[in-house]
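Single-structure report; data block below.
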Amino acid sequence: MNNSAVNTGRVLWAGLRALLVLTVICGVLYPLAVTGIAQAAFPGKANGSEVKDASGKVVGSELIGQTYLTGGKPDLRWFQPRPSNGLGTNSVNTRYKLILSGATNRSGDNADLIQWVKDAKAAVVKDNSVNGYTVKPFDVPADAVTSSGSGLDPHISPEYAKLQVHRVAEKNHLTVAQVDRLVADHTDGRILGFVGEPRVDVLRLNIALKALTAGQ
């Protein structure tokens with residue numbers, strides 16, 4: 001056997017050994033170590049930030065929004081999330097589905113986007129105007145008529161939550177004060193006092209609403 005073949009064999013064997021060692025380290029040991037640390041230090045986040053209801057059943061994630069519909073239309077007994085137009089309306093990208101996420105990527109003067117906002121505002125005004133309480137168009141906050149950058153935002157602004165209080169109270173035979181307190185109790189402030197904006201997690205709010213109505 002000539003030296004060229006021997007050297008080639010040595011190089012290939014060295015490469016194979018390196019591949020096997022790196023596969024074990026990077027493909028097995030490192031993922032196991034990271035997973036173990038995550039499970040020990042942050043088990044909730046490592047498992048998808050699951051949200052459970054009063055019975056202990058997992059009903060969603062605090063990172064992903066949900067719809068509250070009946071017959072394909074908003075179920076007005078519940079607090080409603082932001083719109084979720086995402087990448088547009090088609091058979092794949094429906095509201096709050098995880099197959100696709102993203103913004104509409106339409107400019108502020110796009111005719112479709114303008115019409116979506118107008119339609120959403122009219123629906124918010126109509127749905128949340130009840131006896132003794134009328135929503136005015138200029139009272140509707142931006143997050144009530146526009147989707148988030150991902151289209152999956154689980155939060156709404158305190159302003160949008162409060163705008164829905166009268167309607168939720170009427171539909172569930174509760175007092176406005178009861179529902180208002182519910183919103184206040186589930187409003188999170190800015191992170192570290194200055195990062196981001198105050199927000200309300202719609203899923204957790206609706207879980208608390210369900211528990212309150214069950215006790216009536």
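Please tell me if V202 is touching a residue at least 60 places away in the same chain (Cβ under 8 Å) and in contact with a His (Cβ under 8 Å, 6 or more places away or on another chain). Can you show your working first?
Values: touching a residue at least 60 places away in the same chain (Cβ under 8 Å): yes; in contact with a His (Cβ under 8 Å, 6 or more places away or on another chain): yes.
Judged against the criteria, V202 is a match.
Of the residues that make up segment 175-189, is at least one small (G, A, S), out of contact with any strand residue (DSSP E or B) (no Cβ under 7 Å at 6 or more places or on another chain) and closer than 25 Å to S55 by Cα?
yes
Could you tell me which residue of segment 122-154 is farthest from E62 (Cα to Cα), considering only residues that are in contact with a helix residue (DSSP H, G or I) (Cβ under 7 Å, 6 or more places away or on another chain) and crowded, with 19+ Cβ neighbours inside 10 Å?
Here the residue is V135.
Here is a yes/no grid of residues against (1) in contact with a Pro (Cβ under 6 Å, 6 or more places away or on another chain); (2) farther than 23 Å from T134 by Cβ:
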| position | (1), (2) |
| --- | --- |
| A161 | no, no |
| V165 | no, no |
| E170 | no, no |
| T175 | no, no |
| R181 | no, no |
| A184 | no, no |
| V202 | yes, yes |
| N206 | no, yes |
| A211 | no, yes |
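Just need a number here: residues in segment 13-60 that are among the hydrophobic types (A, V, I, L, M, F, W, C), modelled with pLDDT under 90 and in a helix (DSSP H, G or I).
1
The values are calculated or read from the model by the stated rules, or taken from the named source; none is laboratory data. As the structure is a computational prediction, the values presented were derived from the model and not from experiment. No Cβ is skipped: glycine too gets one built from the backbone with ideal geometry, and neighbour counts run over all protein chains shown.
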